[in-house]
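The next block holds one structure in the form of structure tokens; read it before the comments.
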Amino acid sequence: MLTKRIIPCLDVQEGRVVKGVRFRELRDAGDPAALAELYMKEGADELVFLDISASSAGRGTMLEWVETVADRLFIPFTVGGGISSAEQARDIVALGADKISLNTSAVTEPGLISRCAALLGSQAVVLAVDARRKSKSSWEVMIKGGSIETGIDLLSWVEHACSLGCGEILLTSMDSDGTLDGFDTECIEAVSSSVPVPVIASGGAGNTLHFLEAFLAGADAALAASVFHFGTIRIGALKKDLDALSIPVRILEDD
Amino acid sequence: MIGIIDYGAGNVGNVRRALSQINRESVILDSVYGLCTGLIECLILPGVGSFRPAMENLHIRGWDRSLSEWISDDRPVLGICLGMQLLCEGSEEGGFTKGLGVFRGAVGKIPGPVKLPHVGWNTVNWVSDRLCREGRMGKVSHYYFVHSYALPACADTEGTSSLDGEIFTSVARRGRIVGFQFHPERSGSVGLELLSQTLEGMGV
């Protein structure tokens, strides 16, 4: 049976992992490759790295740390942040990343999704989207780390992105992100039922039940950062709890 | 020495890293001439992407012919993901295209109202224990999958997996030719262990 995935997200700046609550107050948390290996051993199903320095300076460091991560990681990982051309995406995959994620650049230039899919296959192209709630059942797409409104409706955007060839959606609710109050399950349900590809829910995870809610709402995977980084939630324990709640998860054999 | 075929489809680097992790020497072969050294004892055919362009790439580089000769000499080949599919009779992806014809079946799109691609960790139900020693058969292990097309159960099926009730071949074997639909090189320590045991089982 296909299991639900648990994905820690690591923000990388100038080659170092940092974590900000609501994308602000940053706190150094270490070496990307060392942390990646730690999460793999704890039972993470996949990892996502977002280079938050990529869109401005420090992009050069990306090619170095991606390779050091690939050398030590034997589970899939996605790299995103500031990728603005298909060639750049190809280079990152050639270094060992399994997938790349596109966010702002896909909104400003949707053709980039098709070009990346043609070059790498849809399975390697993740559309990351930051959404902010507008009403009971509508959300707006935000870009540039959630700082700029686009006026674009979330559901029409994700449907369009799928038709252009993205193979997965990484959906972050800007309203829930950093709150630890739970995922925006209505948003997950709306996106998950409108697209034919898997959905990774992100933003708001604070406890085990929040993960349960995200999966019941239709998420195929759930991503979190601070609860994992600060050790509030341990991946092994989380998976055992989810298993007890009848959510199919991969539990490491020696656990 | 294990030769990893680089025909422009897929991440050969990660396969090589996994082999190095299990203490296996490997070399990336970007041309069939790499076989002339006589040092290669096993070939790995990796691959992501679509069947038809991948088959065309193999043909352009002469790998289809070299592989057929290699296989008829009863030498070992391990196909991973699309590489396993290329070892089948053919695939309906992008219109029917003939494959290398080892595994007796044709690849088709996974049917039913499921979300595709099939991405994530899924279990394998072993049909036989020839590839998996030490009681792996009774054990529930997860492996990482990323694909939309698959080989239905056939005479060469060694293991199956299912997605929303649709059963397909996730491990195939015929003689010294083995295929994994999943990525053992991306399946953590369990995947590395399987890779190691499989190579031994193939006599490499």
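Of the beta bridges in chain A, as assigned by DSSP with both residues counted there, near 35 percent are antiparallel.
Only beta bridges with both residues in region B:2-201 are counted; by DSSP, about 60 percent of them are antiparallel. Take each residue in B:47-58, count the other chain C-beta atoms within 10 Å of its C-beta, and the mean is 1.
Amide H to amide H, with H built 1.01 Å from N, B:Ser26 comes under 5 Å of B:Ile2, counting only residues 5 or more places away or on other chains.
For the ranges B:78-91, A:107-120, B:148-161, B:41-54, what's the packing order if you count other beta-carbon atoms within 10 Å of each residue, average per peptide, and put the highest first?
For the peptides B:78-91, A:107-120, B:148-161, B:41-54, the packing ranking is B:78-91, B:41-54, B:148-161, A:107-120.
At full extension, B:Arg104 and B:Ile28 could sit 24.5 nm farther apart than now, given 0.36 nm per residue minus the alpha carbon distance. Measuring between alpha carbons in the structure, the pairs from A:Lys136/B:Lys109; A:Lys41/A:Lys136; A:Lys144/B:Lys109; A:Lys99/B:Lys109; A:Lys4/A:Lys136 lying more than 32 angstrom apart are A:Lys136/B:Lys109; A:Lys41/A:Lys136; A:Lys144/B:Lys109. Reducing region B:1-66 and region B:137-189 to their Cα centroids gives an inter-centroid distance of 20 Å. B:Ile28 sits among other residues whose Cβ lies under 9 Å from its own Cβ, and their net charge, with Lys and Arg +1 and Asp and Glu -1, is -1.
Mean sequence separation of contacting Cα pairs (under 8 Å, at least six apart), scaled by the length of chain B, corresponds to a relative contact order of 19 percent.
Quick check: net charge around A:Asp181, other residues with Cβ under 12 Å of its Cβ, Lys/Arg +1 and Asp/Glu -1?
Its environment carries a net charge of -4.
Summarising the label geometry, the points placed 7 Å from Cα in the beta-carbon direction at B:Lys139 and A:Ser85 lie 4.7 nm from one another.
Counting partner chain Cβ atoms within 10 Å of every residue's Cβ in B:117-126, what's the average? Spell out each step's value before the answer.
Numbers: counts 8, 3, 14, 12, 12, 5, 5, 0, 0, 0.
So the per-residue partner count for this stretch is 6.
In debye, nearest 20: dipole of the protein assembly as shown around its Cα centre with unit charges on the Cβ of K, R (+) and D, E (-)? Could the numbers behind the result be given before it?
Details: 41 positive and 57 negative charges, 70 e Å.
It works out to roughly 340 debye.
Distance from the alpha carbon centroid of region A:164-214 to that of region A:61-90 works out to 23 angstrom.
FYI, it's all coordinate maths here, none of it is from the lab. Everything numeric in this text was worked out from a predicted model, so none of it was measured. In this analysis, Cβ positions are derived from the backbone assuming ideal geometry, glycine residues included, and neighbour counts consider all displayed protein chains.
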